[in-house]
1. Using 7 Å Cα-to-Cβ label points, what is the LEU52/LYS126 separation (nm, one decimal)?
2. Please compute the length gained on full extension between ALA15 and ILE139, using 0.36 nm multiplied by the number of residues separating them and subtracting their Cα-Cα distance.
3. Among all stretches of the chain without exposed chymotrypsin sites (Phe, Trp or Tyr not before Pro) (DSSP loop, at most 14 other Cβ atoms within 10 Å), which one is longest?
4. Once both labels are modelled 7 Å past Cα along the beta-carbon direction, what's the GLU110-ARG63 spacing in nm?
5. Which value at 222 nm does the chain reach when only helices count, each DSSP H run of 4 or more adding -39,500 (n - 2.57), with the total divided by all residues and rounded to the nearest 500 deg cm²/dmol?
6. Heavy-atom accessible area per residue, the chain, 1.4 Å probe: how many Å²?
7. Take the Cα atoms of the chain, find their three principal axes, and give me the spread along each one in whole Å, biggest first.
8. Compute the angle between helix 106-120 and the longest alpha-carbon principal axis of the chain, please, reported from 0 to 90 degrees and rounded to the nearest 10.
Amino acid sequence: MKVLVSYIDDNHITATALICDSAITRCKDPFFVPDGREWQALVLRGVVIDRLGKGISSRFADRYYSQCLSAAHPFATNIPDQDAYRWGRDGALIVSPPSDASQIVSDKRELLNNLIAEYSSSMTLKTGDMILMAEPGSILIEPKSYNIDIPPSNGFPRFTLKIR
């Protein structure tokens, strides 16, 4: 399984990250914040691919997913070389349970379809792969025990991030 994360600005991809599946944690599992670190969480929204495909046209891309999800990517802001550490650790991506993708609003659906078309032009998308888009803004995580509610947005589900 692959997880592709796109950073999007004005409907253009500015950066892409490929994440290994060992970095994924389900939202029901707690995330432990180490002492002495300042943390933020980037909110991601996306879909789960449910068919094998390569060279998919954006016109037909919505046939390749039926579930959407929300995710959070917690990362430390006070690590000197954070980019090298950011995506390579376990628990780097906390995902919600998937929900029905028919509720996604049309502009986000079009953006996802374009991402699927672009990714499938250079690699085969397989069942279980995730295509995620980063939403602008981050959430500051204070180093104490509480829960953060990630609200629903544009048809994507809400979920609660458990911080310990």
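1. For LEU52 paired with LYS126, the spin-label model returns 1.0 nm.
2. Additional length available on full extension: 42.6 nm.
3. Values: sites that count: PHE32, PHE60.
Of all site-free stretches, the longest is 61-164.
4. 2.1 nm
5. Helix-only estimate at 222 nm: -3500 deg cm²/dmol.
6. Values: 8310 Å² over 164 residues.
About 51 Å² of surface per residue is accessible.
7. Principal axes ranked by extent give 48, 31, 29 Å for the Cα atoms.
8. So the inclination is approximately 80 degrees.
The values are calculated or read from the model by the stated rules, or taken from the named source; none is laboratory data. Please read these numbers as outputs of a predicted model, since none were measured by experiment. Ideal geometry is used to build each Cβ from the backbone, glycine not excepted, and the neighbour counts take in all protein chains shown. Ligands, DNA and RNA are excluded from the accessible area calculation, which covers all protein heavy atoms including side chains. Shrake-Rupley method; radii C 1.70, N 1.55, O 1.52, S 1.80 Å.
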